[in-house]
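Undergrad: Can you read through this structure? Questions will come right after.
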């Protein structure tokens with residue numbers, strides 16, 4: 001399964017992904033324990049591509065990418081949001 | 001720099017607070033961390049209460065922000081304040097992340113409901129929060145002097161001591177990663193006081209506000225320390241605030 005990571009060259013640290021992930025109780029997005037306090041995604045906890053809820057809220061094109069391929073998923077490509085079975089988990 | 005009107009006051013407040021920061025009521029927790037006797041339960045209590053205080057800064061700064069008006073201060077002052085709001089929010093996130101990462105709570109909602117994360121009115125934490133919120137009725141320079149050159153310096157003091165004492169790398173990172181932002185807040189406070197506190201009445205108000213905020217913060221730290229170490233809290237909030245009794 002592909003996993004997600006943040007491209008810090010493009011991320012604006014608006015933290016919308018953090019808020020969405022917390023609200024869904026997935027808690028994969030976190031603040032790194034370093035002085036810059038950048039936003040990171042824990043691939044062990046993230047349920048992508050099962051959940052893609054953070055992607056449409058991200059305002060910075062290309063700031064979340066698939067770690068393995070480097071493919072940008074912001075804005076979400078059609079194959080993600082049209083994918084059968086893709087859903088936002090129940091809260 | 002020598003011509004800055006509030007330079008002497010800023011130096012005075014910083015020097016006093018640095019002196020006080022050498023020994024805060026959190027010393028017992030630091031000693032327990034140094035001795036390696038701070039249990040998992042005690043760490044949970046510590047982070048839970050710090051998270052509760054940190055999230056109340058949304059409420060405090062909300063009140064302060066309402067008191068800022070167009071053209072009352074140069075944009076630089078408001079930029080520094082907005083930066084401070086973002087940093088405080090980051091620290092709230094750091095504490096919540098820790099509660100979740102350590103498995104102390106399962107979800108964000110559980111953190112709000114857990115006794116260690118609940119905001120209660122009858123507490124030194126609440127007393128400190130309302131004390132800061134009440135500074136909303138004072139000029140921005142005075143409340144920034146009160147917080148950034150008072151409790152923020154005390155906080156930096158105990159946080160550096162605790163981070164050094166902790167053998168738990170993860171928890172050490174939670175505190176150590178805040179140093180840069182905390183030092184930045186002190187520097188913001190210094191700059192604002194140096195540049196904008198000019199009149200004698202403002203100088204006196206800054207001294208009073210800073211002493212009040214530190215007193216209320218120390219009371220919170222005593223409560224926190226007692227709670228973490230399982231001691232009976234001896235720090236009662238005064239029935240009448242000190243300034244009202246004068």
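Undergrad: What average count of beta carbons from other chains do you get within 10 Å of the Cβ of residues in B:85-96?
TA: Values: counts 0, 3, 1, 0, 2, 6, 2, 1, 9, 5, 1, 5.
That works out to 3 on average.
Undergrad: Per-residue Cβ counts within 10 Å, from other chains only, averaged over A:28-35: what number is that?
TA: Mean partner-chain Cβ count within 10 Å for A:28-35: 6.
Undergrad: Using R₀ = 30 Å, calculate the FRET efficiency as 1/(1 + (r/R₀)^6) where r is the Cβ-Cβ separation of residue B:179 and residue B:107; round to 0.05.
TA: Working: r = 30 Å, r/R0 = 0.98.
Given R0 = 30 Å and the Cβ-Cβ separation, E is 0.50.
Undergrad: If I model a spin label as a point 7 Å beyond the Cα along the Cα-Cβ vector, how far apart are those points for residue B:199 and residue A:61 in nm?
TA: Simple spin-label model gives 5.3 nm for this pair.
Undergrad: Give me B:201, A:29, B:180, A:73 sorted ascending by neighbouring Cβ count inside 10 Å, so fewest comes first.
TA: Placing the least packed residue first, the sequence is B:201, B:180, A:73, A:29.
Undergrad: Need the full-extension length gain, residue B:208 to residue B:137, defined as separation in residues times 0.36 nm minus the C-alpha distance. One decimal, nm.
TA: 24.1 nm
Undergrad: Here's another thing I want to ask about it. Hey, for a label at residue A:47 modelled as a point 7 Å past Cα toward Cβ, could you say which residues of the stretch A:23-41 have their backbone N under 17 Å away?
TA: Under 17 Å, as judged by backbone N against the label point of residue A:47, lie A:23-30 of the stretch A:23-41.
Undergrad: Right, another one. Report the FRET efficiency, 1/(1 + (r/R0)^6), for residue B:130 and residue B:27, where r is their Cβ-Cβ distance and R0 is 30 Å, rounded to 0.05.
TA: E(calc), rounded to 0.05, equals 0.70.
Undergrad: State whether the stretch B:93-193 is rounded, prolate or oblate according to the following rule on the C-alpha gyration tensor (a ≥ b ≥ c being the square roots of its eigenvalues): a/c under 1.5 gives rounded; otherwise a/b larger than b/c gives prolate, and the remaining case gives oblate. Mind showing how you got there, number by number?
TA: Numbers: a/c = 2.49, a/b = 1.31, b/c = 1.90.
It is oblate, given that a/c is not under 1.5 and a/b is not larger than b/c.
Undergrad: Continuing with the same structure: Hey, for a label at residue B:78 modelled as a point 7 Å past Cα toward Cβ, could you say which residues of the stretch B:180-222 have their backbone N under 16 Å away?
TA: Under cut-off, by backbone N: nothing.
Undergrad: Next question. Using the beta-carbon distance between residue A:14 and residue B:40 and R0 = 35 Å, what value does 1/(1 + (r/R0)^6) give for FRET efficiency, to the nearest 0.05? Before the final figure, lay out each step's value.
TA: Numbers: r = 34 Å, r/R0 = 0.97.
E between residue A:14 and residue B:40, to the nearest 0.05, is 0.55.
Undergrad: Can you list the residues of the stretch B:109-133 with backbone N under 19 Å from a point 7 Å past the Cα of residue B:231, pointing along Cα to Cβ?
TA: B:123-125
Values quoted throughout were computed directly from the atomic coordinates according to the rules given, and no laboratory measurement underlies them. Keep in mind that what you see is a predicted model, and the values were worked out from it rather than measured. No Cβ is skipped: glycine too gets one built from the backbone with ideal geometry, and neighbour counts run over all protein chains shown.
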